[in-house]
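A.B. asks: My questions all concern the structure below.
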Amino acid sequence: MAEKLIIFDTTLRDGEQSPGASMTRDEKLRIARLLEKLRVDVIEAGFAASSNGDFEAVRMIASAVRDSTVCSLARANDRDITRAAEALAPAQSARIHTFIATSALHMEKKLRMTPEQVLEQSRLSVRFARNLVGDVEFSPEDGYRSDPDFLCRVLEAVIEEGATTLNIPDTVGYGVPELYGEFIRNLRERVPNSDKAIWSTHCHNDLGMAVANSLAGVRIGGARQVECTINGLGERAGNASLEEIVMAVKTRRDYFGLDVGIDTSQIVPASRLVSNITGFAVQPNKAIVGANAFAHASGIHQDGVLKARDTYEIMRAEDVGWSANRIVLGKLSGRNAFRQRLDELGIALDGETALNEAFARFKDLADRKSEIFDEDLHALAGGDGIEVGDELYRFISLSQNSETGERPHARVVFAQSGQEQKAESQGNGPVDATVKAIESVVNSGAELLLFSVNSISSGTTESQGEVTMRLTRAGRIVNGVGADPDIVVASAKAYLNALNKLQSRNERVNPQP
């Protein structure tokens, strides 16, 4: 029987460190529930000591999740570890993940600690954590750039104190596959008690090699856990992508000789949910979950696939959650059909109220669009991430005029604290005019960092457009998302959605400093 590769998902912790990707407690819980449905082995729910909001999010997830281990990150000190243990108390299976930097650069410049002090702190923190929970993971931050001799001493010491998993991070994405794999293998061979812990990879994508490095750590280094995120989400260039790791191991089982417990049919729903909540769009040519991942434009490829699918496809689209029948509903479809299709797509709504709101949005869209695609349903079910009591701004209507040789003009009607507001403005384009019209009333003082437009469903000019607008104000960054067949309307919805998030009382659990 093949060994199992443990999948450790850190979308809710490391993935959330992407500027603009911070989530509310309820959003984190939605993702955690789908990760559990995906059968992820370990869910790193957050950094309990970082804020009260993150503590409550970890505790909420620990109370709700039963089929996955729930983990909280903690720095190597008693306060952080105690806070993590308190948040994890309701968990069926809990893990504390403690860390401290071990590279000479980090110890000197960031920690201002000697190597001996770091060694002692590592030992004491794992000992303290092990007295609180039975499952303790230790990470030497910037481990790949650490001196191997010193790192071996630290790892041997923390295993003696009860660490059950040793994670070797390539914190800055400096590694290359062969060297990173050999680095882990060398550590395992040199640490006398290495067989008493599971070894793990954690790779960042700064040079575009996070997945390759992780797999080399598994194949060459002997690691049996991979830390990764949905869609490769993460700070800077992101983390190793869960969907790519899982499908590489499953598709090339002949090479890796490992099993994974993941329900791959939930990969695409998980990707869509994370994209919708964070506002980080998935590029069309993204492996596994991109819109073009299973598309064939070349005549030679199309001919081959029609004759024998495996001529150009090494995986089946259905196996990762893509639907073979993507056109499913229309304006005459009822609530039961709508609910059933959401269930088939793995889209979970929290109660009848959320279902009713999503169904109302579906009916509105069906009046304007003859065919409703699965991609449309993902966007509809996502809502706007704003609690009713926090919705200061709500889109009502828009009209705009744009013609060659004339300056575009927009008139926007929206509700502000329940009162109807009318605004109009000119701009360099219809979207610019729309945003300026809204700002002429709200005077938010926010700065626009990102304006992104994506087609939700392909192959027709009726496709919905999904717009993401990233705003910043007073050091806080949020993403607003809006979807509509009219791109300008979608832009207005996205901008108002972002303004709601900027003022929302529903605390983002890991706000950027």
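The values are calculated or read from the model by the stated rules, or taken from the named source; none is laboratory data. Since we're looking at a predicted model, the values are computed, not measured. Note: ideal-geometry Cβ built from the backbone for every residue, glycine included; neighbour counts use all protein chains shown.
A.B. asks: For region 405-425, enumerate the residues that are among the small types (Gly, Ala, Ser) and surrounded by fewer than 15 Cβ atoms within 10 Å (Cβ to Cβ).
C.D. replies: Across region 405-425, the qualifying residues are Gly405, Ser417, Gly418.
A.B. asks: Please verify whether region 396-404 includes one or more residues that are modelled with pLDDT of 90 or more and either surrounded by 18 or more Cβ atoms within 10 Å (Cβ to Cβ) or at positive phi (or both).
C.D. replies: Within region 396-404, one or more residues are modelled with pLDDT of 90 or more and either surrounded by 18 or more Cβ atoms within 10 Å (Cβ to Cβ) or at positive phi (or both).
A.B. asks: Let me ask something additional. Does Ala240 fit the bill of being at pLDDT 95 or above, under 15 Å from the mean Cα position of the chain (by Cα) and buried (at least 23 other Cβ atoms within 10 Å of the Cβ)?
C.D. replies: yes
A.B. asks: For region 115-128, state whether one or more residues are assigned to a loop (DSSP other than H, G, I, E, B) and either at pLDDT 95 or above or assigned by TED's automatic domain parsing to the domain that holds Ile198 (or both).
C.D. replies: Scanning region 115-128 turns up no residue that is assigned to a loop (DSSP other than H, G, I, E, B) and either at pLDDT 95 or above or assigned by TED's automatic domain parsing to the domain that holds Ile198 (or both).
A.B. asks: Related question: I'd like to check something: does region 102-112 contain any residue that is of a type in the set (Ser, Thr, Tyr) and closer than 28 Å to Leu179 by Cα?
C.D. replies: Yes, the conditions are met somewhere in region 102-112.
A.B. asks: Also, I was wondering about something else. Which residues, counting only those in region 445-455, are crowded, with 16+ Cβ neighbours inside 10 Å and either on the phi > 0 side of the Ramachandran plot or not in a strand (DSSP E or B) (or both)?
C.D. replies: Ala446
A.B. asks: Residue under question is Ser122, and the condition is that it be crowded, with 19+ Cβ neighbours inside 10 Å, more than 28 Å from the chain's Cα centre (by Cα) and not acidic (Asp, Glu); does it hold?
C.D. replies: Yes, satisfied.
A.B. asks: To continue, here is another question. Within region 100-107, is there a residue that is without any contact (Cβ under 8 Å) to a residue 24 or more places away in the chain and in contact with a strand residue (DSSP E or B) (Cβ under 8 Å, 6 or more places away or on another chain)?
C.D. replies: Scanning region 100-107, I find at least one residue that is without any contact (Cβ under 8 Å) to a residue 24 or more places away in the chain and in contact with a strand residue (DSSP E or B) (Cβ under 8 Å, 6 or more places away or on another chain), so the answer is yes.
A.B. asks: Can you tell which of Glu36, Glu56, Glu44, Glu27 is among the charged types (D, E, K, R), under 17 Å from Leu233 (Cα atoms) and surrounded by fewer than 24 Cβ atoms within 10 Å (Cβ to Cβ)?
C.D. replies: Glu27
A.B. asks: Something else: Taking the conditions exactly as written (hydroxyl-bearing (Ser, Thr, Tyr), assigned by TED's automatic domain parsing to the domain that holds Leu29, crowded, with 21+ Cβ neighbours inside 10 Å and not in a helix (DSSP H, G or I)), does Ser139 satisfy them or not?
C.D. replies: So Ser139 passes the test.
A.B. asks: From the list Ala216, Ala237, Ala248, Ala270, which one is assigned by TED's automatic domain parsing to the domain that holds Met23, within 25 Å of Cys152 (Cα to Cα) and in contact (Cβ under 8 Å) with a residue 12 or more places away in the chain?
C.D. replies: None of the others qualify; the one that does is Ala216.
A.B. asks: Being in contact with a Gly (Cβ under 6 Å, 6 or more places away or on another chain) and assigned to a helix (DSSP H, G or I) is the filter here, so list the residues in region 461-494 that pass it.
C.D. replies: If the condition is that a residue be in contact with a Gly (Cβ under 6 Å, 6 or more places away or on another chain) and assigned to a helix (DSSP H, G or I), then Ile487, Ala490, Lys493, Ala494 are the ones that fit.
A.B. asks: Now for a separate question. Condition test on Asp9, is it under 30 Å from Arg219 (Cα atoms), out of contact with any His (no Cβ under 9 Å at 6 or more places or on another chain) and surrounded by fewer than 22 Cβ atoms within 10 Å (Cβ to Cβ)?
C.D. replies: no
A.B. asks: Would you check if there is a residue in region 256-268 being more than 25 Å from Val453 (Cα to Cα), part of a strand (DSSP E or B) and out of contact with any Lys or Arg (no Cβ under 6 Å at 6 or more places or on another chain)?
C.D. replies: Yes, because at least one residue in region 256-268 is more than 25 Å from Val453 (Cα to Cα), part of a strand (DSSP E or B) and out of contact with any Lys or Arg (no Cβ under 6 Å at 6 or more places or on another chain).
A.B. asks: Let me ask another. Gly173: at positive phi and either part of a loop (DSSP other than H, G, I, E, B) or not β-branched (Val, Ile, Thr) (or both), yes or no?
C.D. replies: Considered against the rule, which asks whether it is at positive phi and either part of a loop (DSSP other than H, G, I, E, B) or not β-branched (Val, Ile, Thr) (or both), Gly173 comes out as yes.
A.B. asks: On to the next question. Take Gly222 and tell me if it is at pLDDT 95 or above, assigned by TED's automatic domain parsing to the domain that holds Arg188 and over 18 Å from the mean Cα position of the chain (by Cα).
C.D. replies: Criteria met by Gly222.
A.B. asks: So, one more: For region 161-168, indicate whether the set of residues that are assigned to a helix (DSSP H, G or I), of a type in the set (Gly, Ala, Ser) and crowded, with 21+ Cβ neighbours inside 10 Å is non-empty.
C.D. replies: No: zero hits.
A.B. asks: Applying the selection to region 413-444, what residues are assigned to a strand (DSSP E or B) and within 33 Å of the chain's Cα centre (by Cα)?
C.D. replies: Phe414, Ala415, Gln416
A.B. asks: Follow-up question, since we're still on this one. Whether any residue in region 98-107 is in a helix (DSSP H, G or I), in contact with a helix residue (DSSP H, G or I) (Cβ under 9 Å, 6 or more places away or on another chain) and crowded, with 24+ Cβ neighbours inside 10 Å is what I want to check.
C.D. replies: No, because not a single residue in region 98-107 is in a helix (DSSP H, G or I), in contact with a helix residue (DSSP H, G or I) (Cβ under 9 Å, 6 or more places away or on another chain) and crowded, with 24+ Cβ neighbours inside 10 Å.
A.B. asks: Here's a follow-up. Restricting attention to region 126-175, which residues are among the charged types (D, E, K, R) and in contact (Cβ under 8 Å) with a residue 40 or more places away in the chain?
C.D. replies: Within region 126-175, Asp135, Glu137, Glu141, Asp142, Arg145, Asp147, Asp170 qualify.
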